[in-house]
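Have a look at the structure below, then the notes.
The values are calculated or read from the model by the stated rules, or taken from the named source; none is laboratory data. Owing to the predicted nature of the structure, the values given are computational and were not obtained by experimental measurement. Ideal geometry is used to build each Cβ from the backbone, glycine not excepted, and the neighbour counts take in all protein chains shown.
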Amino acid sequence: MKNFRIGHGYDVHALREGLPLVLGGVKIEHTKGCVAHSDGDVAVHALCDALLGAVALGDIGLHFPDTASEYAGIDSLLLLRRVMELLAEKGYRLGNADVTILMQRPKLRPYIEEMRRTLAQVMGVEPDAVSVKATTEEHLGFTGREEGVAAHAVVLVVPV
Ligand code: MG
């Protein structure tokens with residue numbers, strides 16, 4: 001019989017003035033956005049890596065190479081949708097997910113509920129199964145200096 005499995009994901013993108021910022025599938029009002037081949041959604045990328053990690057299917061770079069033109073500027077929710085298909089092919093579904101975004105500014109609280117709803121819908125679970133948290137690193141390090149944004153994700157997957 002198959003067991004529950006856990007996975008962890010981590011991602012970072014640099015911030016640059018004048019680029020759009022998308023986190024957890026939600027557009028964030030800010031003067032800076034992520035430098036990336038895709039839309040640079042670190043929260044979704046960390047989540048994809050956690051899901052892939054839970055079933056030992058490698059990582060997001062393996063499945064969606066940043067050298068492939070088909071992924072240029074892509075909505076990361078499409079990548080998440082594909083990862084959920086891979087998870088289902090392995091015989092698993094999401095139990096719950098917990099995502100932490102590390103960013104100095106702006107305050108992400110006003111966007112958290114929409115992120116939870118958006119991610120839950122794509123992953124086919126209730127919003128109650130998806131936690132999104134945001135924290136600053138107290139002006140320390142690259143997130144504290146507003147040079148970049150980072151995200152961690154942990155997931156539990158359960159046999160279908
Ligand atoms: Mg990334």
Within the set of pairs 6 or more residues apart or between chains, which connect a residue that is more than 11 Å from the ligand (Cβ to nearest atom) inside segment 53-74 to a residue that is modelled with pLDDT of 90 or more and of a type in the set (Gly, Ala, Ser) with Cβ atoms less than 8 Å apart? 53/7; 53/9; 54/7; 55/7
Does segment 34-51 contain at least one residue that is closer than 23 Å to residue 129 by Cβ, touching a residue at least 12 places away in the same chain (Cβ under 8 Å), away from the ligand (no atom under 12 Å from the Cβ) and not aromatic (Phe, Trp, Tyr)? yes
Filter segment 1-18 down to the residues that are within 14 Å of the ligand (Cβ to nearest atom) and either on the phi > 0 side of the Ramachandran plot or surrounded by fewer than 18 Cβ atoms within 10 Å (Cβ to Cβ) (or both) and list them by number. 10, 12, 14
Flagged in segment 25-76 as surrounded by fewer than 20 Cβ atoms within 10 Å (Cβ to Cβ) and of a type in the set (Gly, Ala, Ser), in numbering order, are 56, 58, 61, 68, 69, 72, 73
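Could you identify the single residue in 143, 135, 118 that is of a type in the set (S, T, N, Q), buried (at least 16 other Cβ atoms within 10 Å of the Cβ), touching a Ser or Thr at 6+ places or on another chain (Cβ under 9 Å) and in contact (Cβ under 8 Å) with a residue 12 or more places away in the chain?
Values: 135 fails: buried (at least 16 other Cβ atoms within 10 Å of the Cβ); 118 fails: touching a Ser or Thr at 6+ places or on another chain (Cβ under 9 Å).
After applying the criteria, what remains is 143.
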May I ask you to list the residues in segment 24-63 that are charged (D, E, K, R) and within 12 Å of the chain's Cα centre (by Cα)? 39, 41, 49
So which residues in segment 79-113 are loosely packed, with under 15 Cβ neighbours inside 10 Å and assigned to a helix (DSSP H, G or I)? 81, 82, 85, 88, 89, 109, 110, 113
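Residues of segment 82-114 being within 16 Å of the ligand (Cβ to nearest atom) and either among the basic types (Lys, Arg) or modelled with pLDDT under 95 (or both), which ones? Working first, answer last.
The first filter runs over segment 82-114 and keeps only residues within 16 Å of the ligand (Cβ to nearest atom), leaving 82-83, 99-103.
Of everything in segment 82-114, just one residue is within 16 Å of the ligand (Cβ to nearest atom) and either among the basic types (Lys, Arg) or modelled with pLDDT under 95 (or both), namely 82.
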Quick test of your reading of the structure: residue 122 fulfils all but one of (1) within 14 Å of the chain's Cα centre (by Cα); (2) farther than 18 Å from residue 157 by Cα; (3) more than 15 Å from the ligand (Cβ to nearest atom). Name the failing condition by number. (2)
Touching a residue at least 60 places away in the same chain (Cβ under 8 Å), in contact with a Pro (Cβ under 8 Å, 6 or more places away or on another chain) and of a type in the set (Gly, Ala, Ser): which single residue out of 91, 24 fits that description? 91
